[in-house]
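Worksheet: one structure, shown below.
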Amino acid sequence: MRNRWLIALSAVGIHISIGSVYAWSVLTRPIMQQLGWSLSETTWAFSIAILFLGFSAGFLGKFVEKYGPKRSGLVSMCFFGAGMFGTALALHLGSLPLLYLFYGAIGGIGLGVGYITPVSTLVKYFPNHRGFATGLAIMGFGFAALIAGPVMQQLTARFGLVENFLILGTVYMVLIGASSLYLKPPVKTASQAAPAHRASSVADVKVLGATASEAMHTWQFGALWWIFFVNITCGIGLLAVASPMAQEVVGMDAAQAASMVGIIGLLNGGGRILWSTASDYLGRGLTYMLFFVLEVAAFALLSGTRDAFVFQALVLLIISCYGGGFSCMPAYLSDLFGTRELSAIHGRVLTAWGVAGVVGPTLVSLFREQTQGYTAILLFFAGLFVLNFAIATVLKLHGKRSLEERAASRPSAVSAQ
């Protein structure tokens, strides 16, 4: 059996590589200046990458379950590396369609497969601390921008945009490849294997878990998809305008706003491990209810504040919950549906991320243009979180129990598996 802490380190290695997508904004201005593209043309590369991340995770989750984390990690390495090298070619040729193809589509597939690759394996190594385990991996995705941002800035300034992608593409392929080669599911001992004649019990159903198809036919899956979608839509919408909003609303200068954005990256990563660890003690249902109560209050207060300190505190609280929503989700899914096809189920839920990556910034832009301010969109987001809190409460009170009752009422179907 592999050392579980090295498994965790391998998971972080993959996520800290693919998470560099969050540093795209560092390259936006240099690309615009060098190639003459508009802001919207340049930022669409990021939106396409997030869109393909979500949908590739959704459709390739079964691939991860079938072939294991090592092979799927190497597939992620190939796609993500090809995306980076192809982006260098696109910038060299000055081709916007090639940028969308390589950075957005091909690189986005690498992001999606890489994101779900280590999660199911890591949960199995930390069965009693599932929130902590998933938080470890997904924390790397949140922290990645803190490392990648300054590195990209330095490489671009010293060598150029094309060389930046060639150098980082090589480094990330090595890091993802080495991490993937170490990943391996834990080996079950004879005492851990459930006897065939007991497979129909509720306890064994929990160990075996549901298939992705079975999970998707439950109301619990739909509820989790929706609250995940809303949390990402509102969080990523706020991330998209954090700097200009700080300057327009509370009068921060560009340097102060940039400093706040750096701290946002820290809270995005740190919130993932802190909230997911806390969820092991509070329970996932209560943790999500807490997220949404805090976000209702934070967005409502943010719509009316003109104080720079209060503004920053509220934004950082929201981003902390935004990151925590990512890291607690795999553990919540394993609580409800087991670990049998966790990667596939997690991937299906991540389609919400792909949609939200387009919807969130678009909603903020539309509201900003129509109202000439941010108050209306912030209050709209607060209203969405009221609905999220209600759904999370129903999940907490009835979600797990109704699934166990459903499993207990279908013993023949389970034993037939």
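The values are calculated or read from the model by the stated rules, or taken from the named source; none is laboratory data. Given the structure is predicted, the values throughout are model-derived calculations rather than measurements. When we count neighbours, we look across all protein chains shown, and the Cβ atoms used for this are built from the backbone with ideal geometry, even at glycine. Side chains are part of the model used for accessible areas, which takes the heavy atoms of the whole protein and leaves out ligands, DNA and RNA. Shrake-Rupley method; radii C 1.70, N 1.55, O 1.52, S 1.80 Å.
Some observations on this one:
- Residue in the range 292-302 that is closer than 24 Å to A352 by Cβ, open to solvent by less than 30 Å² (accessible area, probe 1.4 Å), part of a helix (DSSP H, G or I) and of a type in the set (G, A, S) present: yes
- So F367, is it free of Cβ contacts under 8 Å to residues at least 60 places away in the same chain and aromatic (F, W, Y): yes
- Filtering the range 303-338 to residues that are of a type in the set (S, T, Y), part of a loop (DSSP other than H, G, I, E, B) and out of contact with any Ser or Thr (no Cβ under 6 Å at 6 or more places or on another chain) leaves only T305.
- Any hit, the range 258-266, residues being open to solvent by 10 Å² or more (accessible area, probe 1.4 Å), over 14 Å from the mean Cα position of the chain (by Cα) and closer than 28 Å to K62 by Cβ: no
- Any hit, the range 224-235, residues being at pLDDT 85 or above, surrounded by fewer than 21 Cβ atoms within 10 Å (Cβ to Cβ) and part of a helix (DSSP H, G or I): yes
- Any hit, the range 129-142, residues being surrounded by fewer than 21 Cβ atoms within 10 Å (Cβ to Cβ) and not in a helix (DSSP H, G or I): yes
- Only one of the numbered conditions (1) over 30 Å from L342 (Cβ atoms); (2) buried (at least 23 other Cβ atoms within 10 Å of the Cβ) is not met by G86, and that is (2).
- Scope the range 127-168; condition among the aromatic types (F, W, Y), farther than 20 Å from L53 by Cα and at pLDDT below 85; matching residues: F132
- Selection within the range 32-83: residues that are under 19 Å from I345 (Cα atoms) and of a type in the set (F, W, Y). The member of this set that is surrounded by the fewest Cβ atoms within 10 Å (Cβ to Cβ) is Y67.
- Residue within the range 154-165 that is of a type outside the set (A, V, I, L, M, F, W, C), closer than 19 Å to S17 by Cβ and open to solvent by less than 20 Å² (accessible area, probe 1.4 Å) present: yes
- Residue pairs whose Cβ atoms lie under 8 Å apart, separated by 6 or more positions or on different chains, with the first residue in the range 238-250 and more than 17 Å from Y22 (Cα to Cα) and open to solvent by 30 Å² or more (accessible area, probe 1.4 Å) and the second in a helix (DSSP H, G or I) and hydrophobic (A, V, I, L, M, F, W, C), are P244/A257; Q247/A254; Q247/A257; V249/F311.
- Residue within the range 8-31 that is of a type in the set (V, I, T), modelled with pLDDT under 85 and surrounded by 15 or more Cβ atoms within 10 Å (Cβ to Cβ) present: yes
- Top-ranked residue in the range 368-382 [being within 14 Å of G235 (Cα to Cα) and of a type outside the set (F, W, Y); ranked as surrounded by the most Cβ atoms within 10 Å (Cβ to Cβ)]: L378
- Positions within the range 256-270 being among the β-branched types (V, I, T) and within 15 Å of L317 (Cβ to Cβ), in sequence order: I263, I264
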